[in-house]
Amino acid sequence: MDSDIVRCPECGSLNRISIDRLQKGREAVCGQCRTILDARSNQTHPVKVTDANFQQMVEKSDLPLFIDFWAGWCGPCLMIGPSVEELAGDLAGRVVVGKLNVDENPLTAAHFHVSSIPTMIIFDRGREVGRLTGAVPKEAMIARLNSLGLI
């Protein structure tokens with residue numbers, strides 16, 4: 001079962017939340033103080049993007065999406081992994097940061113003509129608005145989002 005870690009905005013405790021539960025529209029509450037949690041605005045880690053959930057994520061997101069297309073065997077992908085992880089926390093509530101493993105999800109990668117990894121594609125209002133390719137530093141990722149007026 002896929003889950004995510006969300007920090008409670010009231011008490012600061014970390015909560016493991018089922019992504020399936022959120023996608024079905026059910027509420028999630030903090031295990032410590034019972035505050036209702038909104039995983040989209042408190043995203044502290046990249047969300048797992050798949051062929052199965054990609055369309056729904058892009059179409060239903062009120063926020064821009066920054067998706068890292070990567071693979072576990074790719075050295076440059078592994079190099080930027082920590083930066084993508086940090087980006088998710090830094091941009092929580094402003095941009096949804098996700099990761100899509102191209103080996104496990106070839107349909108989406110092929111649909112967007114991802115032939116070199118890492119490739120980061122930026123979506124806004126359901127359409128692609130920007131792209132970065134290669135092992136770029138976190139500052140370049142932020143600069144690209146800035147240049148598009150998304151943060």
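The values are calculated or read from the model by the stated rules, or taken from the named source; none is laboratory data. These numbers come from a predicted model, not from an experiment. Backbone-built Cβ (ideal geometry, glycine too); neighbour counts: all protein chains shown.
Residues in the stretch 109-120: is at least one of a type in the set (S, T, N, Q) and either part of a loop (DSSP other than H, G, I, E, B) or surrounded by fewer than 17 Cβ atoms within 10 Å (Cβ to Cβ) (or both)? There is at least one residue in the stretch 109-120 that is of a type in the set (S, T, N, Q) and either part of a loop (DSSP other than H, G, I, E, B) or surrounded by fewer than 17 Cβ atoms within 10 Å (Cβ to Cβ) (or both). Applying a threshold of 6 Å to beta carbon distances and a minimum spacing of six or more residues, or different chains, the list of pairs starting in the stretch 50-65 at a residue that is among the acidic types (D, E) and ending at one that is surrounded by 18 or more Cβ atoms within 10 Å (Cβ to Cβ) and modelled with pLDDT of 90 or more reads D51/N105; D51/T108. Pull up the stretch 53-80, narrow it to residues that are small (G, A, S) and modelled with pLDDT of 90 or more, then point me to the one that is surrounded by the fewest Cβ atoms within 10 Å (Cβ to Cβ). Among residues in the stretch 53-80 that are small (G, A, S) and modelled with pLDDT of 90 or more, the one surrounded by the fewest Cβ atoms within 10 Å (Cβ to Cβ) is G75. Does A110 satisfy being out of contact with any Cys (no Cβ under 8 Å at 6 or more places or on another chain), within 24 Å of Q56 (Cβ to Cβ) and not β-branched (V, I, T)? Here the answer is yes, as A110 does meet what is asked. Applying the condition of being assigned to a helix (DSSP H, G or I) and touching a strand residue (DSSP E or B) at 6+ places or on another chain (Cβ under 6 Å) to the stretch 50-89 and asking which residue is farthest from G134 (Cα to Cα) yields V58. Select from the stretch 14-35 the residues that are assigned to a strand (DSSP E or B) and more than 24 Å from V58 (Cα to Cα) and write down the one among them that is modelled with the lowest pLDDT. Checking each candidate, the answer is L14.
I'd like the full set of residues that are outside any loop (DSSP other than H, G, I, E, B), among the small types (G, A, S) and in contact (Cβ under 8 Å) with a residue 12 or more places away in the chain, limited to the stretch 121-146. Within the stretch 121-146, G130 is the sole residue that qualifies.
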